[in-house]
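These notes are about the structure you will find just below.
The values are calculated or read from the model by the stated rules, or taken from the named source; none is laboratory data. None of the values given here were measured: they were computed from a predicted structure. With ideal geometry, Cβ positions are generated from the backbone for all residues, glycine too; neighbour counts draw on all protein chains shown.
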Ligand SMILES: [Fe+2]
């Protein structure tokens, strides 16, 4: 496995890139392909939202560390999806979707060979599962979905909805929160949506 360079270059890269606790602790054993993904903008926003939410849910420091890693790396498996699918400026065919939907499994596989990241790999594997069992790849239901995956799912959706896409303008934060509430209990864990909405509204108030 290609690991980071010398401790000196790793330390410099860490300082230049990010000073979050999870990154500092684990960067020396990060394969380069994971480090590059760590810096991607959407992943950084999801991690920031997830950490705020995790603190509101009273997670332990260890749980917050694993949550940050899962949030940062949830879509790392998309690096194995061909650009012809990932960057396609039109809707995907059924066959292309079947490739895209493998990214949780591929991401989990990339993390599984990093010692100590077993729980993070599990969380990445389950980040497209849905509370009612209609998600993928395993169709897990309710609390059988790892908590970090349920938190990342809510934050990933909020971040995606409030960003411009080629095919639609960004939703306002209020509209995105209403959409989370509409999908609470079906796509999302209702307790997590409730906490996220309450803390978002208290910040906005
Ligand atoms: Fe994803």
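Between 132, 83, the distinction of being touching a residue at least 12 places away in the same chain (Cβ under 8 Å) and out of contact with any helix residue (DSSP H, G or I) (no Cβ under 7 Å at 6 or more places or on another chain) belongs to 132 only. Exactly one residue out of 152, 120 is closer than 19 Å to residue 62 by Cβ and modelled with pLDDT under 95, and it is 120.
Here 64, 53, 49 are screened, and the one residue that is within 16 Å of the ligand (Cβ to nearest atom), under 14 Å from the mean Cα position of the chain (by Cα) and surrounded by 15 or more Cβ atoms within 10 Å (Cβ to Cβ) is 49.
Residues are listed down the side, and each one gets a yes or a no for (1) within 16 Å of the chain's Cα centre (by Cα); (2) in a helix (DSSP H, G or I); (3) surrounded by fewer than 18 Cβ atoms within 10 Å (Cβ to Cβ):
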| residue | (1), (2), (3) |
| --- | --- |
| 120 | yes, yes, no |
| 124 | yes, yes, no |
| 132 | no, no, yes |
| 140 | no, no, no |
| 152 | yes, yes, no |
| 156 | yes, yes, no |
| 159 | yes, yes, no |
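Residues checked against (1) more than 15 Å from the ligand (Cβ to nearest atom); (2) under 24 Å from residue 49 (Cα atoms):
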| site | (1), (2) |
| --- | --- |
| 85 | no, no |
| 99 | no, no |
| 109 | no, no |
| 131 | yes, yes |
| 134 | yes, no |
| 162 | yes, yes |
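Filter region 69-83 down to the residues that are assigned to a loop (DSSP other than H, G, I, E, B) and under 19 Å from the mean Cα position of the chain (by Cα), then identify the one that is farthest from the ligand (Cβ to nearest atom). It comes out as 81. If the condition is being in a loop (DSSP other than H, G, I, E, B), surrounded by 15 or more Cβ atoms within 10 Å (Cβ to Cβ) and under 19 Å from the mean Cα position of the chain (by Cα), then region 164-192 contributes 183, 187, 189. Being away from the ligand (no atom under 13 Å from the Cβ) and under 23 Å from residue 49 (Cβ atoms) is true of residue 147.
Can you confirm whether region 82-98 contains a residue that is surrounded by fewer than 17 Cβ atoms within 10 Å (Cβ to Cβ) and at positive phi? Scanning region 82-98 turns up no residue that is surrounded by fewer than 17 Cβ atoms within 10 Å (Cβ to Cβ) and at positive phi.
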